[in-house]
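Visitor: If you scroll down you'll find the structure; I have some questions about it.
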Amino acid sequence: MSFLNAEEPSACDLVTDFGIDILWHPSLGMELGDNLIQLLEDCATGRKPLDILVFEGTIVNAPNGTGEWNRFAGRPMKDWVKDLAAAAGHVVAIGDCATWGGIPATAPNPTDSEGLQYLKRRRGGLLGPAFQAKSGLPVINIPGCPAHPDWVTQILVAVATGRSGEIALDDLQRPKTFFTTYTQTGCTRNMHFAYKVSATEFGQRRGCLFYDLGCRGPMTHSPCNRILWNRQSSKTRAGMPCIGCTEPEFPFFDLAPGSVFKTQTVMGVPRDLPDGVEKNGYMKMTVAAKSASPAWAEEDIFVI
Amino acid sequence: MNPHPGVHRQDSDEATRDNIARILSGGLETEWQTRADDSERFQAIVKAIRASDGELTTKLRLAGFTDHPITHFDLEQSCETCMYFQLHHGWCVLPELDLPVRPEWSCNVWRI
């Protein structure tokens, strides 16, 4: 569904401008029943070339490794994925479920779920740690809950135009172009982060969401404040803390009762500090910044 | 609750600070020894304040206010360095407290 909301480029642009033939999609695909099974078999056996397999959703292995709890087109979904991945030029995992296993794989993981090439942060997954698609690339992970549609379409365009070799991946196989910076990068609340002015309620326009409301923007790799959602806004811009949904640990961060959207502290210091910041440095920076904060930082300066 | 967040009437705020200072120096027994060392304790204190009658002395007592900084595990926990303190308004913006305060005061829901 997120994919259909893409704008730069849009799902239509993929077809009209970049010549991508979308063989099947849950909402766009024309084939049903036996025709769909035939299409999938043709792709899996190589009768029909499959340049890119884009998969969304967790891989269900239960019960007992059979995958029978999630059947699709006449057989366990995991079997289709294995066969199609072996035939595909490139494999792209979309969303937390396909990348790391997602919410279904959260302990106790009753459906024995995993991602295509990871289970949370552990490499492996359905396809195994050594898997490479025919192109020589491992699974390209585009996490998020949901993944931003433009992250998806831009990667598809890179692959479709023969530039997949230029897609540098990080240590979790995420495209670096999207996942090197932080959610905080480009956040309109950065000045409040700098001056240590805290927001204490959702939707409040003044203040940083990190100090009290559990925002994970300084620790989460994503371009959510560079490539805006609906081209308009982001969680943090709207006053909603980042929930860290592009990291493998999601949604495990703060699920203890009473702790959701509340910064967890030890001796009054946030348990999780901004990436690369040490506790002593954080405290010194905070004291200095707070004492230097200007009066305007305590006001709602957004007039519309 | 301040009905106009960000708009503080400084004279009356200062009068309230003076009043709080009198209450604290006058021997109000607060639960200042119970520092919120972890999030669970923090939440318990906040929850107690939320469930209280909301009176000024109740807030001060439950939050463990003192009119001087408390040093806890080598951390000087003064309002001045607390994340809920607004330097220019001299205000604690923790919604459950929402009080005019002074930088040298302290309470046990301090966080940096």
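Visitor: For the pair B:Glu29 and A:Ala295, what calculated FRET efficiency results from E = 1/(1 + (r/R0)^6), where r is the Cβ-Cβ distance and R0 = 41 Å, to the nearest 0.05?
Guide: So the FRET efficiency works out to roughly 0.70.
Visitor: Expressed as an acute angle from 0 to 90° and rounded to the nearest 10, what is the orientation of the C-alpha long axis of helix A:77-87 relative to the principal long axis of chain A?
Guide: On a 0 to 90 degree scale, this one is about 80.
Visitor: Kindly state, to the nearest 0.05, the FRET efficiency for A:Arg231 paired with B:Arg50, given R0 = 51 Å and r defined as their beta-carbon distance.
Guide: Efficiency at R0 = 51 Å is approximately 0.85.
Visitor: Counting only other chains, and only Cβ atoms inside 10 Å, what mean value do you get across the residues of A:293-300?
Guide: Averaged over the peptide's residues, the number is 4.
Visitor: Roughly how many nanometres apart are two label points built 7 Å out from the Cα toward the Cβ at A:Phe18 and B:Asp98?
Guide: Roughly 5.0 nm, to one decimal.
Visitor: Right, here's the next one. With a 1.4 Å probe, how much accessible area is buried between chains A and B, both sides summed, in Å² to the nearest hundred?
Guide: 2300
Visitor: What residue among B:Thr30, B:Thr66, B:Thr58 shows peak mean-square fluctuation when chain B is described by a Gaussian network model with Cα springs under 10 Å?
Guide: Top of the fluctuation ranking is B:Thr58.
Visitor: For labels at B:His88 and A:Arg47 in the simple 7 Å Cα→Cβ model, what's the distance in nm?
Guide: Spacing of the two 7 Å Cα→Cβ label points: 7.2 nm.
Visitor: Whenever you get a sec, line up A:Thr66, A:Thr153, A:Thr177 from highest to lowest accessible area (probe 1.4 Å, protein heavy atoms).
Guide: Heavy-atom accessible area, descending, gives A:Thr177, A:Thr66, A:Thr153.
Visitor: Which residue, A:Leu169, A:Leu32, A:Leu228, has the most motion in a Gaussian network model of chain A that connects Cα atoms within less than 10 Å?
Guide: A:Leu32
Visitor: Let me ask something else. One quarter of the convex hull surface, Cα atoms only: what value does that give for segment B:12-67 in nm²?
Guide: Projected area, direction-averaged: 4.1 nm².
Visitor: Per residue of A:196-205, count partner chain C-beta atoms within 10 Å of its C-beta, then hand back the mean as an integer.
Guide: 3
Visitor: Rounded to whole Å, give me the distance from the Cα center of segment A:164-227 to that of segment B:91-112.
Guide: Result: 27 Å between the Cα centres.
Visitor: Same structure, new question: I'd like the projected area of the protein assembly as shown, averaged over all directions, using the convex hull of its alpha carbons. Report it in nm² with one decimal.
Guide: For the protein assembly as shown, averaging the hull's shadow over all directions gives 23.3 nm².
Visitor: Oh, and also: Not counting ligands, DNA or RNA, and with a 1.4 Å probe, what is A:Phe131's accessible surface area in Å² rounded to the nearest 10?
Guide: For A:Phe131, the solvent-accessible surface is approximately 30 Å².
Visitor: Another one. Considering only protein heavy atoms, with the full assembly of protein chains and a 1.4 angstrom probe, order B:Cys82, A:Cys145 by accessible area, largest first.
Guide: A:Cys145, B:Cys82
Visitor: Considering only protein heavy atoms and a 1.4 Å probe, what is the carbon-and-sulfur percentage of the accessible area of segment A:22-151?
Guide: 55
Visitor: Treat each spin label as a single point 7 Å out from the Cα along the C-beta direction, and report the B:Ser12 to A:Glu166 distance in nm.
Guide: Here the modelled spin labels are 6.3 nm apart.
Visitor: May I pose another question? Relative contact order of segment A:1-101, please, whole-number percent, based on alpha carbon pairs below 8 angstrom and at least 6 residues apart.
Guide: Relative contact order here is 26 percent.
Visitor: At a 1.4 Å probe radius, carbon and sulfur cover how many percent of the accessible area of segment B:28-112?
Guide: Answer for segment B:28-112: carbon and sulfur cover 49 percent of the accessible area.
Visitor: If the chain between A:Thr66 and A:Asp79 were fully stretched, how many nm would it gain, using 0.36 nm times the residue separation less the Cα-Cα distance?
Guide: So the extension gain works out to 3.8 nm.
Visitor: Quick check for you: with a 1.4 Å probe and neighbouring chains kept, what is the accessible area per residue of chain A, in Å²?
Guide: Solvent-accessible surface per residue comes out at 45 Å².
Visitor: Same structure again: With no other cysteine's Cβ closer than 4.7 Å, which Cys residues of chain A count as lacking a disulfide-compatible partner?
Guide: By the Cβ distance rule, which asks for a partner under 4.7 Å, the isolated cysteines are A:Cys12, A:Cys43, A:Cys97, A:Cys187, A:Cys208, A:Cys215, A:Cys224, A:Cys242.
Visitor: Right, next: Classify chain B: rounded, prolate or oblate, from the alpha-carbon gyration tensor (a ≥ b ≥ c, eigenvalue square roots; a/c under 1.5 rounded; otherwise prolate if a/b is larger than b/c)?
Guide: Rounded, since a/c falls under 1.5.
Visitor: Using alpha carbons only, how many degrees (0 to 90, rounded to 10) separate the axis of helix A:33-45 from the longest principal axis of chain A?
Guide: Helix A:33-45 sits roughly 90 degrees off the main axis of chain A.
Visitor: By DSSP, what percent of the beta bridges with both residues in chain A are antiparallel, rounded to the nearest 5?
Guide: Percent antiparallel among DSSP bridges in chain A is about 55.
The values are calculated or read from the model by the stated rules, or taken from the named source; none is laboratory data. Note that the structure is predicted; figures quoted are calculated from it, not measured. Quick reminder, even Gly has a Cβ in these numbers, built from the backbone with ideal geometry, and neighbours come from all protein chains shown. Surface accessibility is based on the protein's heavy atoms, side chains included, excluding ligands, DNA and RNA. Shrake-Rupley method; radii C 1.70, N 1.55, O 1.52, S 1.80 Å.
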